[in-house]
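What follows draws every value from the coordinates through simple rules; no lab data is involved. Keep in mind it's a predicted model, so treat the numbers as computed, not measured. Using ideal geometry, Cβ is built from the backbone for each residue, glycine included, and neighbour counts are taken over all protein chains shown.
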There are 2 protein chains.
Amino acid sequence: MFVRNQMPEPIRGVLAPVVTPFRADLSPDRQRFIRHCQWLLSHNCGLAVFGTNSEANSMSAEERMALLDALVAAGIDPSRMMPGTGCCSITETVELTAHAVKHGCAGVLMLPPFYYKNVSEEGLYRYFSEVVQRVGDTRLKIYLYHIPPVAIVGITPKMVERLLTAYPTAIAGMKDSSGDWNNTKTFLDAFVVRTARAAHTARAARTFDVFVGSESFLLANMRNGGAGTISATANVNPAAIHKLYKEWNTADDTDQQQSKLNVVREVFGNRRFPSMIAALKQAIAIYANDPEWTRVRPPLVELTAGEAKLLAADLKAIDFAMPGIDCSRGR
Amino acid sequence: MFVRNQMPEPIRGVLAPVVTPFRADLSPDRQRFIRHCQWLLSHNCGLAVFGTNSEANSMSAEERMALLDALVAAGIDPSRMMPGTGCCSITETVELTAHAVKHGCAGVLMLPPFYYKNVSEEGLYRYFSEVVQRVGDTRLKIYLYHIPPVAIVGITPKMVERLLTAYPTAIAGMKDSSGDWNNTKTFLDAFVVRTARAAHTARAARTFDVFVGSESFLLANMRNGGAGTISATANVNPAAIHKLYKEWNTADDTDQQQSKLNVVREVFGNRRFPSMIAALKQAIAIYANDPEWTRVRPPLVELTAGEAKLLAADLKAIDFAMPGIDCSRGR
């Protein structure tokens, strides 16, 4: 009676909101994008393409779809992908979501519509509900994206409750980028423990997977029933993050591993940098020896020469490495 | 030597961020949209289509362009239009802006990119700069849209200063929806008075027009060198707002007129309603006797039956009328 057993395994573990390289004319650089995705996959890192750190909202819907087409055409496995598809309009969100589902992506990471603020729970519910119904595909797996520092509009436990009740198979989980462990814990306790219990007693056919938006909460998340992390720094430090994900309940040094991950993250989160996105791209430029990687689309700005030096020095000081990334160089 | 004399007169006065009617399937209702625009024009109200109150960000770029095409095809004068074209991505903003310029629109109202928060002034400058250069059309007239309660990302005097210096003819003005008169006054003093003085001494060929985002500041704006108002309630009360605009420095009862406008606005701004947008649409539904008008796109919600009754009663109590609006009924 378990429908889940007839479905593909849900995507779990470590995913990167893949940073998007741009050419001098600011158009997405497909070849570098493909190569970075391949590098991430080679380190067991899934592809949450078109996330906040991907500058997805700085691209048009067409540009995002063309990039996804290019990844699939390059032979990259869609079952390792969770593209971001949440826009301000139902029409664009449905278009991007249907496109991702059609490609066989494991799921989609969906922002709430983020233009209007202080919208009602009923309005947000109708939005997601309309998207599920319009996509109308049993393969649809939505991961709700809670990132209040950026989107301002957030996802509440009550919203998850309503959506899970109405669409138990389409609502697959969430990413919590609140940066507030207590908030993550609330969702874990409310939905993961309960759905796991229900699944155990065969009363439900689904789970609700909670990803933390930063690997600094990875160990805590795994210890409390979480599914992994979708984290910006997975773009540069995928192997070490995946190691902790894999060993969280078997290794003896998990607290030490977590501490080391935090040290790397702190380097990129330095408030002297204009954004973590620009710092991540600068690091790839450094380690791949490929300055093309530094570009961001406005309104973001790249690191100054001084900031780039600081980042390089800070990374050197912690013996940071990105094994194999230099294959990103050249065409 | 005045370039301005060779250019069409800038659009000024009262403009409505035209509310967008939706069909039962939530697709934009072109015929009702055209009729409402015609009604507004018949009351001397310009068309700031695709504004915040138009639910523009709840529509795709394609839907917005198709609606503008429909207005022009219906014979509506583009020199009376100031479409909203600011999206989160440069690519979409350029596409929408170029489309509006090509149609001969008087100007475009441009939101800053509003996904990323706390972005640098340099990043925002580069964004607008890139848009101006990519559109690359001398007819381009940008009105910067400052609406911090919704977009969070705002327009500062320093940003206007930089953009005006770099693009003196493309940067035509702004809409201030901060709701803070002191902020509007800062912009008026910094740019309007100065540019007017410069124009007087033939040192500059341009003006910088400041529109207030609410008619409650119309009289104050006009008394301080402003250009008019782009206001939600112009959707339902255009004639009275235009009367004050026209007579602000000649009539004896301007303060009384302003007070009356404020009374109408207060009815629509009632915090018991889910949004002013829904209340405006409900009022059109009531006065045009056309319930089709009540629909909004999620995440917004329409008024409940009780709220609709309250609105009707409040409007009746102030003898509110929308002369000629009932022609909106039928096809």
What's the center-to-center distance, using Cα atoms, between region B:1-77 and region A:230-287 in Å?
48 Å
Sum of -39500 (n - 2.57) over DSSP H runs of 4+, divided by residues of chain A (222 nm, nearest 500):
-12500 deg cm²/dmol
Shape call, region B:1-106: gyration tensor on alpha carbons, a/c limit 1.5:
oblate
Provide the gained length on full extension for the span A:D137 to A:Q31, in nm with one decimal, where the gain is 0.36 nm per separating residue minus the Cα-Cα distance.
35.1 nm
Given a Förster distance of 56 Å, report the FRET efficiency between A:D253 and B:N262 from their Cβ-Cβ distance, rounded to the nearest 0.05.
0.25
State whether chain B is rounded, prolate or oblate according to the following rule on the C-alpha gyration tensor (a ≥ b ≥ c being the square roots of its eigenvalues): a/c under 1.5 gives rounded; otherwise a/b larger than b/c gives prolate, and the remaining case gives oblate.
prolate
Within the set of other residues whose C-beta is less than 14 Å from the C-beta of B:S120, count the net charge using Lys and Arg as +1 and Asp and Glu as -1.
+3
Nearest residue to the symmetry axis between B and A, taken on chain B by its Cβ, in whole Å:
B:I152, 3
May I ask you to compute the full-extension gain from B:T156 to B:A74, defined as 0.36 nm times their residue separation minus their alpha-carbon distance, rounded to one decimal in nm?
25.7 nm
Residue order, fewest to most surrounding Cβ atoms within 10 angstrom, among A:T254, A:T233, B:T250, A:T156:
B:T250, A:T156, A:T254, A:T233
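Rounded, prolate or oblate: which fits region B:269-320 when a ≥ b ≥ c are the square roots of the eigenvalues of the alpha-carbon gyration tensor, with rounded for a/c under 1.5 and prolate only if a/b beats b/c?
Working: a/c = 2.04, a/b = 1.29, b/c = 1.58.
Judged from the Cα gyration tensor, region B:269-320 comes out oblate (a/c at least 1.5, b/c at or above a/b).
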How far is B:T138 from the same spot in each other copy, in nm, shortest first, if each label point sits 7 Å from Cα toward Cβ?
6.3
Using R₀ = 25 Å, calculate the FRET efficiency as 1/(1 + (r/R₀)^6) where r is the Cβ-Cβ separation of B:E121 and A:N270; round to 0.05.
0.80
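Suppose R0 equals 35 Å. What FRET efficiency, 1/(1 + (r/R0)^6) with r the Cβ-Cβ distance, do A:D180 and B:A220 give to the nearest 0.05?
Numbers: r = 42 Å, r/R0 = 1.21.
According to the calculation, E is roughly 0.25.
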For a quick check: sort B:F217, B:F128 by the number of other beta carbons within 10 angstrom, fewest at the front.
B:F217, B:F128
Return the average number of partner chain Cβ atoms within 10 angstrom of each residue Cβ along peptide A:116-122.
5
